[in-house]
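Everything on this sheet refers to the single structure shown next.
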Amino acid sequence: KVPAGMEPDELKNREEVIRAADCLRQGGLVAFPTETVYGLGAIATSEQAVAQIFAAKGRPSDNPLIIHIGDKDQLSHWVSELPDVAGKLVRSFWPGPLTLVLPHQGNIAANVTAGLDTVAVRMPSHPVALALLQLAGEPVAAPSANRSGRPSPTEAAHVWHDLAGRLDILLDGGETGVGVESTVVDVTGEIPVLLRPGGITVEALTRAVGHVEIDAGLKQEESVPRSPGMKYRHYAPQAEMWLVEGQEEHVLARIRELGADAMRRGRKVGILTTEEHADKFHADVVIPCGRRSDPLSVARGLYQALRTFDARGVDFILAEAFPEKGIFYSVMNRLRKAADGKVIRV
Ligand code: TXA
Ligand code: MG
């Protein structure tokens, strides 16, 4: 495995990256590591190549894809306007886990944008992704490299589990670092609008540009989401999942109670918790996804934990909620979706 953080020149598998870039240029499907999650890429100017992404993932065609570039200067070849606020965000956060929605020039394949007049663009910071994108020369459309609806892959084995036989090349870059997807911000208007919380926090965005609006679809799950992808059940393990929210001691007590209850009813119970609380539970499978005192570790371990419940045949999951600040806001967004909105407040 190539450790993340290694410079492109030092990559032992540089040849593999070159082969992968050739494969992309020829219209193939390449899974590659980014600093957030693994992506399933195809060249973004070929409708045919992009169509294979939707087929491999089982993804609805009305959910548009992010295009990835290896160089900030490429932006002007594909978007038709770059408002000041977008330029500011690019300077502050690229390369990195931030995706910007901008008006496009019409030279990207129509199935990338699902027919919208905007395109989502990001420049990732992972050295393997950057090397691949620079060698490919053109933007690469890439959603997360999981079957649609499943938790996003944070290591090559997850990609293999979901997509073996459905892609041409899988580049193994070890574990990704951030663990949740990029933050998606619509910068087509004067005030940036957060469409999906992710690796860059709302607090960091606000520090950089002053004010960020939260999309109504994020604030009220019942209103129509503006990011088309947000309407599908996502990031979900196979088990029935409940998120338990409230004051810490009450949450722990309720999880213990509900867990014991479910086990008596013959369910195989999983508890999604943190290092701090793991020894307070007895259930079939207890997984700490990180440390509560280190929110980044929780984001990093989240999807791996959800996949482990599936691998161990758990059919009922109880998950601790987190205070919705910083990266925990993004974690909670994913947990709500994984639980399909099933929240217990205590
Ligand atoms: O971290 C990430 O963003 C990963 C890695 C591989 O880069 N990619 C990823 O892609 O998460 P995907 O396809 O799973 O999520 C893309 C999100 C969806 O919520 C989609 O609806 C939204 O971006 N999106 C794409 N194009 C859009 C557009 N033109 N307007 C609004 N939202 C858009
Ligand atoms: Mg995804």
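Using the structure shown, select from LYS219/LYS337; LYS219/LYS342; LYS219/LYS325; LYS57/LYS337; LYS268/LYS342; LYS57/LYS219 the pairs with a Cα to Cα distance greater than 24 angstrom. Listed pairs above 24 Å: LYS57/LYS219. For the chain, the Cβ-based charge dipole about the Cα centre amounts to some 840 debye (Lys, Arg positive; Asp, Glu negative; other atoms uncharged). Helical content of the chain, expressed as a calculated mean residue ellipticity at 222 nm, amounts to -9500 deg cm²/dmol (DSSP H runs of 4 or more residues, -39,500 (n - 2.57) each, divided by residue number, nearest 500).
Basic side chains Lys and Arg get +1 at the Cβ, acidic Asp and Glu get -1 at the Cβ, and with that the dipole of region 244-295 about its Cα centre reaches some 340 debye.
Taken per residue, the accessible surface of the chain reaches 41 Å², heavy atoms only and a 1.4 Å probe. As a test, work out the antiparallel percent of DSSP beta bridges whose residues both lie in the chain, rounded to the nearest 5. The answer is about 40 percent antiparallel. For region 35-167, a crude dipole built from +1 on the beta carbon of Lys and Arg and -1 on the beta carbon of Asp and Glu, taken about the Cα centre, is about 340 debye to the nearest 20.
If both residues of a DSSP beta bridge must be in region 18-175, then about 70% of such bridges are antiparallel. Based on Cα atoms of the chain, Rg over Rh with Rh as the Kirkwood radius reads 0.97. Projecting the Cα atoms of GLY41, GLY58, VAL85 onto the charge dipole of region 33-85, computed from C-beta unit charges around the Cα centre, puts GLY58 farthest toward the positive end. Considering region 61-151 at the alpha-carbon level, its Rg and Dmax are found to be 12.8, 37 Å.
Leaving out ligands, DNA and RNA, what percent of the accessible area of the chain is carbon and sulfur, probe 1.4 Å? Its accessible area is 49 percent carbon and sulfur atoms. Residue farthest toward the positive end of the dipole of the chain, with Cβ of Lys/Arg at +1 and Asp/Glu at -1: which of THR201, LEU306, PRO97? Sorting the options by dipole projection puts first LEU306.
The values are calculated or read from the model by the stated rules, or taken from the named source; none is laboratory data. None of these values were measured; they are calculated from a predicted model. Virtual Cβ from ideal backbone geometry, glycine too; neighbours counted across all protein chains shown. Just so you know, the surface numbers come from the protein's heavy atoms only, side chains and all, with ligands and any DNA or RNA stripped out. Shrake-Rupley method; radii C 1.70, N 1.55, O 1.52, S 1.80 Å.
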